[in-house]
Structure formats: structure tokens, C-alpha cells
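The values are calculated or read from the model by the stated rules, or taken from the named source; none is laboratory data. Quantities reported herein were computed from a predicted structural model and do not represent experimental measurements. Here Cβ is always computed from backbone atoms with ideal geometry, including for glycine, and neighbour counts include all displayed protein chains.
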Amino acid sequence: MNPLLLISILVALALIFDFLNGFHDSANVVATMISSRAMTPKAALFIAAAANFVGPFLFGVAVAKTVGKEIVSPESVTVAVVMAALVSASLWNIATWYFGIPSSSSHALIGGIIGAVLVGSGYQAVRVEGLWIVGSALFLSPIIGFVVGLLVMRVALWAVKGATPKANAFFKVAQLPTAIALALSHGTNDAQKTMGIITLGLVVLGYQTDFHVPWWVILASATAIGLGTAFGGWRIIHTLGGKFYRIRPIHSFTSQLTSAAVIMGASLTGGPVSTTHVVSTAILGVGAAQRRSQVRWGVMVDIMVAWLLTVPATAGVAALIYFPIAYLIP
């Protein structure tokens, strides 16, 4: 098949995944703002989309390099592997959005890469060191999100002890900068996964001799995730904003502040964390800090089951998809 046609198909699949990532994960940024009535849905989505677009330009491409170079050996990465991973991850995003489950696009993409490489090149092609970095970031970030959310909320409750209802007005206004910071961190982390995939394709097909992310890949990926965010995945917004407990302005402010700090820290060090996991557990930590009984823990149990299934499910789908794609691409 013509290399130009191949790279065009690969870029299209990558940007579709990126759009779905923004659509799926828009709830991470706007759900608590909308539920606490700090902002209208349209205004919240517009701010989130704009900040998601800007994020990748401001904070570098460390995550893209992790996804593109450190998970599997370079010689095992073929166009068929990349395409299979993208299709599998996109299908998982659509399925979890349909059921309103805030699952991880990061887990889905990495699971797809691993599944396709396993059937294409064998287990020896998977890099244990890279998986350790990715696995540590994905496993520890929800725990950190919960603990930091709990601590930040307790500090906030101490700070407003004895305050008048005017404190709610402050927390409503204060959500604007924290929402922008969270959206910037989301765009910085999540758009880079698509950048890494596209750059991998450019190297595999000989358009680049080494792994560096071109400016047009950054622009295209940032645009796709920004557009996806603007459309908003309302099923997941409803889950994060209303099913855990009744979100008030103080909850929204503290959970956003927590999530932005954890995600940005991971982005700058190259850890491809799941923004969904961080935001979900930060919301839980904030709620538990005020009153554990107000949190509907059963909802989180259902979500965690989906989290545990993400990598094996997307790896299995990618493994099945790999063979017909590899057959069509000589």
C-alpha cells in the first residue's frame, strides 16, 4: 500500500481517537463546575476546550516520548500495530461513554498497543521498564488523587470554619482558574498520547529518522482534543457530577485544584496518567473529607471494575483486529 495513503489513514485514526478522548474526558473538567452551578454548561465546555487546545503548546511533550518510545521495542512497532491499538482504544471509549463509565483513555491506548505487539512480535517485544513507568503512574495517581483531595478539602474546611454563606460565592469564582489549570493539564497529558502514536507512524514509515514530535502533529492533536471537549460527553458528566454525592462549590474547587496539581506534575515528568482516574478519586477524597457517609461508594466500585477490565479488554480487541489489518497492509 502507498506509504502516503498509510500515514494518512493512521493520522486520521489517531485524530479520531484524540477527538473521542476529548469528548469522553470533557467530564473531568466541567462536571463539578456544572453540578455546583458555578458556570453554565456551554461556558464550562468552551473554557475547557480552549485550555485543552493550549495545554500541549505550553508544557512540552514528555508524555509523547514515553508513549512513543518506552512501552514496546521500536522494531516491533508496525503500522498494523498502531492502527489496531487506535481502533481498539476508540471502540472502548465509545462503549464506556455509552454506559456513562468514566474509564481511562490512557489504559485503553496502552492496552491496545500491548495486545497488538504481543500477537505481532511476541512478549519479548514489550519493555518491562516502560511498562513499570506507565503502570506506576496509572496505579499511583488515583491513590494520590484521593489522598491529596482529602487533605486539600480538610484545609479548605478549616479555612472557612465559621464563615458566612458568602464563602460559596468565593468558591464559585475561584473555580474559573482551577478549571483552566485542570483543562491545561488534561490537554498537556492526554493530547500527547496521540502525538506519540502519530510520531511513531512517521518513524515506522520512514518520514522521520528519529523520534521527535513535529509542530503540525502538536497542532493537529491539540485541535482534535479541543474539539472533542467542546462537544462534551454528557453521560459521563452526569456520572461524575451527580452520582457520587451532591457537589457544592467547595467540593468542585478543591477537587479541581487537586486534580490539576497531580496531573500536571505527572505530565512534566513524562508519566501518562489517567485524568479520569485522578479526577474521580479526587472527587471521592474531597467528599470523604467532609463526611464519608455522603459518598455513594457503590458507584465507585462499579467504575473500578471497568478500570480493571480496560487493559485486558483493549489488548484482546487489538490482538483480534491486528490480523486483518496486517493482512491488508503488506
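Run down VAL126, VAL155, VAL148 and say which single residue is under 26 Å from MET304 (Cα atoms), of a type in the set (Val, Ile, Thr) and free of Cβ contacts under 8 Å to residues at least 60 places away in the same chain.
On the way: VAL155 fails: under 26 Å from MET304 (Cα atoms); VAL148 fails: free of Cβ contacts under 8 Å to residues at least 60 places away in the same chain.
Going through VAL126, VAL155, VAL148 in turn, just one is under 26 Å from MET304 (Cα atoms), of a type in the set (Val, Ile, Thr) and free of Cβ contacts under 8 Å to residues at least 60 places away in the same chain: VAL126.
With respect to ALA50, determine if the residue is assigned to a helix (DSSP H, G or I), surrounded by fewer than 19 Cβ atoms within 10 Å (Cβ to Cβ), at pLDDT 80 or above and among the hydrophobic types (A, V, I, L, M, F, W, C). Spell out how you get there, then give the answer.
Values: assigned to a helix (DSSP H, G or I): yes; surrounded by fewer than 19 Cβ atoms within 10 Å (Cβ to Cβ): yes; at pLDDT 80 or above: yes; among the hydrophobic types (A, V, I, L, M, F, W, C): yes.
Yes, satisfied.
Kindly check whether there is at least one residue in the range 272-279 that is modelled with pLDDT of 80 or more and polar (S, T, N, Q).
Taking every residue of the range 272-279 in turn, none turns out to be modelled with pLDDT of 80 or more and polar (S, T, N, Q).
Got a number for residues in the range 83-112 being closer than 21 Å to GLY201 by Cβ and either surrounded by fewer than 24 Cβ atoms within 10 Å (Cβ to Cβ) or in contact with a strand residue (DSSP E or B) (Cβ under 6 Å, 6 or more places away or on another chain) (or both)?
2
Looking at the range 225-245, can you tell me whether even one residue there is more than 29 Å from TYR98 (Cβ to Cβ), surrounded by fewer than 19 Cβ atoms within 10 Å (Cβ to Cβ) and at pLDDT below 85?
Going residue by residue through the range 225-245, those that are more than 29 Å from TYR98 (Cβ to Cβ) are none.
No - not one qualifying residue is present in the range 225-245.
Within the range 209-221, track down each residue that is modelled with pLDDT of 85 or more and surrounded by 15 or more Cβ atoms within 10 Å (Cβ to Cβ).
Taking the range 209-221 and keeping what is modelled with pLDDT of 85 or more, we get 214-221.
Across the range 209-221, the qualifying residues are VAL217, ILE218, ALA220, SER221.
Here are some residues: VAL147, VAL155. Which one is aliphatic (A, V, I, L, M), closer than 18 Å to THR275 by Cβ and either in contact with a Leu (Cβ under 7 Å, 6 or more places away or on another chain) or at pLDDT 85 or above (or both)?
When all the criteria are applied, what remains is VAL147.
Please verify whether SER136 is among the polar types (S, T, N, Q) and over 22 Å from PRO74 (Cα atoms), treating the condition exactly as stated. Before you say what the answer is, go through the steps one by one.
Numbers: among the polar types (S, T, N, Q): yes; over 22 Å from PRO74 (Cα atoms): no.
No.
Looking only at the range 167-178, decide whether some residue is within 25 Å of LEU58 (Cα to Cα) and either β-branched (Val, Ile, Thr) or at pLDDT below 80 (or both). Steps first, answer last, please.
Let us first name the residues in the range 167-178 that are within 25 Å of LEU58 (Cα to Cα), namely 173-178.
Still in the list and also either β-branched (Val, Ile, Thr) or at pLDDT below 80 (or both): 173, 178.
Looking for residues that are within 25 Å of LEU58 (Cα to Cα) and either β-branched (Val, Ile, Thr) or at pLDDT below 80 (or both), one finds at least one in the range 167-178, hence yes.
State all residues of the range 16-44 that are assigned to a helix (DSSP H, G or I), surrounded by fewer than 23 Cβ atoms within 10 Å (Cβ to Cβ) and of a type in the set (A, V, I, L, M); if no residue qualifies, say none.
Correct list: ILE16, ALA43.
Out of all the residues in the range 157-171, is one or more surrounded by 12 or more Cβ atoms within 10 Å (Cβ to Cβ) and of a type in the set (D, E, K, R)?
no
Step by step: first the residues of the range 290-330, then only those that are small (Gly, Ala, Ser) and within 30 Å of ARG248 (Cα to Cα), then the one that is nearest to the chain's Cα centre (by Cα). Which residue is that?
Here the answer is ALA306.
Assuming SER73 fulfils every condition listed in (1) among the small types (Gly, Ala, Ser); (2) at pLDDT below 80; (3) surrounded by fewer than 22 Cβ atoms within 10 Å (Cβ to Cβ); (4) under 16 Å from the mean Cα position of the chain (by Cα) apart from one, which condition is it?
Of everything listed in (1) among the small types (Gly, Ala, Ser); (2) at pLDDT below 80; (3) surrounded by fewer than 22 Cβ atoms within 10 Å (Cβ to Cβ); (4) under 16 Å from the mean Cα position of the chain (by Cα), SER73 misses just condition (4).
Please list, ordered by first then second residue, the pairs with beta carbon atoms under 7 Å, 6 or more apart or interchain, first in the range 304-319 and modelled with pLDDT under 85, second assigned to a helix (DSSP H, G or I) and among the polar types (S, T, N, Q).
Within 7 Å, the pairs are ALA306/THR96.
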